[in-house]
Amino acid sequence: MLQRISQTIFQGVSWQHPVIAAGLRVLDPIDKLVRVAGGRGAYPPMSIRVRSNGLRKQFNGKRFESFGKILAEELANRSGLKRDSKVLEIGCGCGRFAFGLSDVLEDGAYTGIDIDAPSIVSAKNNTFLQRKKFRFEHLDVHNAEYNPTGKVSANEYRFEFDDNSFDVVFLVSVFTHMLPDDVRNYIKEIGRMLKPGGHLMFTTFVMDSGTKFDGNDFVYGTGPYRSSHPEMHEICVGYYIDFLDECLREARLVRTDDPVYSTKGRSVPDAQTTEFGQDLIIARKG
Ligand SMILES: C[S@@+](CC[C@H](N)C(=O)[O-])C[C@H]1O[C@@H](n2cnc3c(N)ncnc32)[C@H](O)[C@@H]1O
C-alpha cells in the first residue's frame with residue numbers, strides 16, 4: 001500500500017520519498033520492539049532494510065529473515081557453498097544474506113560490498129555481524145537509482161580483490177538495477193576474482209520466458225534488456241539469456257544449468273523453480 005502511494009506521487013524509489021522516509025523513522029522503534037520480542041533483534045532498523053528490500057512486508061523483519069534463509073539454501077544446493085568457502089557478495093545492501101549465511105559459513109569468510117553508504121555503515125556497525133568477522137566495504141560506483149553521485153562508472157570499475165580469490169561470488173537483485181555494459185564488466189571482473197572451479201550465482205528476470213513478471217510489464221529498452229520503468233530503466237531490468245551467456249563466455253565462465261525460474265514471477269513449464277522472488281543463473285569457472 002505504502003509502495004503504491006509513493007509510486008503514484010513520486011517517480012523514484014519509494015523509500016527515497018521524504019514523507020515515506022520520515023514515516024519509516026517513526027516506525028523504527030516499534031519495529032525494533034516487535035523484532036526483539038520475536039528473536040529478530042539483531043537485524044538492521046526498518047528504515048535501513050527498506051533501502052535494499054523495498055517497503056512490502058518489511059515490518060517485523062520476518063520476510064528479511066526468511067529470504068535470507070532461502071538464499072543460503074539455494075547457494076548450498078546449487079553453487080557448492082561449504083562451511084569453509086570464501087564468499088564475495090556484490091550489492092549486499094544492509095546484510096540480508098550475510099545474516100542468512102551466518103550459520104552456514106562456520107570456517108569460511110564473507111565479504112559484502114555495496115554502493116549505498118548507509119547500508120554499508122549499518123552492516124559494518126552491526127555487532128552480530130562483527131562477531132562473525134564478516135567484512136563490508138563501500139564502493140563509490142555510480143548508479144542512477146542508488147548512488148547518483150558515484151565517481152566511477154560500473155562499466156569500467158576494477159574490484160580491489162586479487163585474481164582467483166573467491167570460491168563463490170553472488171549478487172541478488174543487483175543486475176536487476178544495472179544496464180548491459182555495467183553487467184558485462186561486472187561479470188568479467190567476477191571471472192577474474194573467482195578461483196578455478198568457483199561458482200557465480202546471480203538473480204535476474206529472464207526475458208526469454210515472458211516480459212510480464214509478477215504484475216510488472218518489461219516493455220521499455222531495447223537489445224539485450226527490458227525495463228518495467230519508462231524513465232529510469234535501472235529501477236527494474238530484465239535480461240535475455242543470450243546476452244548473459246555471451247558475458248559469461250567472455251569471462252570464461254560456463255552456465256552450469258538452465259535458468260531456475262521464480263515461482264513468484266510466472267509459470268514456466270518443465271523448468272526448475274525457486275521460491276526466491278527472481279530467476280537464478282548459476283555459472284562455474286572452468
Ligand atoms: C534491491 S537491492 C538488493 C540488496 C541485497 N542484495 C538484498 O537482496 O538484500 C540492490 C542493491 O544493489 C546495490 N547496487 C546497485 N548497483 C550496484 C553496483 N554497481 N555495484 C554494487 N552494488 C550495487 C544497491 O546499492 C542495493 O543495495
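Here, each number is a calculation from the coordinates, and none is a lab measurement. Just so you know, these numbers come straight off a predicted model, no measurement behind them. Positions of Cβ are generated from backbone atoms using ideal geometry, with glycine treated the same way; all protein chains shown enter the neighbour counts.
Straight-line cross-link reach from Lys69 at under 19 Å between alpha-carbon atoms covers these aspartates and glutamates, not counting any fewer than eight positions away in the same chain: Asp84, Glu89, Asp103, Glu106, Asp107, Glu275, Asp279. By the scheme Lys and Arg +1, Asp and Glu -1, what is the net charge of all other residues having a beta-carbon under 11 Å from that of Gly93? That sum, taken over residues with Cβ under 11 Å, equals 0. The DSSP beta bridges internal to the stretch 137-263 are antiparallel in roughly 50% of cases.
Using only alpha carbons, the chain has a radius of gyration to Kirkwood radius ratio (Rg to Rh) of 0.94. Taking all Cα pairs closer than 8 Å and separated by 6 or more residues, the relative contact order of the chain comes to 13 percent. Sparse packing (at most 16 other Cβ atoms within 10 Å of the Cβ) combined with a DSSP loop state is found for the following GluC sites (Glu not before Pro) in the stretch 221-286: Glu231, Glu275.
Nearest-5 percent of antiparallel DSSP beta bridges in the stretch 1-156?
Bridges in the stretch 1-156 are about 10 percent antiparallel.
For the chain, the share of DSSP beta bridges that are antiparallel, to the nearest 5, is 45%.
Applying the Karplus relation 6.51 cos²θ - 1.76 cosθ + 1.60 with θ = phi - 60° to the stretch 141-157 yields 3J(HN,Hα) values of 8, 6, 8, 4, 8, 9, 8, x, 9, x, 7, 10, 7, 5, 7, 10, 6 Hz, where x marks Gly and Pro. Using θ = phi - 60° in the Karplus curve 6.51 cos²θ - 1.76 cosθ + 1.60, the 3J(HN,Hα) couplings for the stretch 206-221 round to 7, 6, 4, 9, x, 9, 10, 9, 6, x, 9, 9, 8, 10, 9, x Hz; x is entered for Gly and Pro. Here is the list for the stretch 143-225: GluC sites (Glu not before Pro) lying in DSSP coil, each with at most 14 other C-beta atoms within 10 angstrom of its C-beta, are Glu156, Glu160. Calculated [222 nm] ellipticity per residue, helices only, for the chain: -10000 deg cm²/dmol; basis is -39500 (n - 2.57) per DSSP H run with n ≥ 4, divided by all residues, nearest 500.
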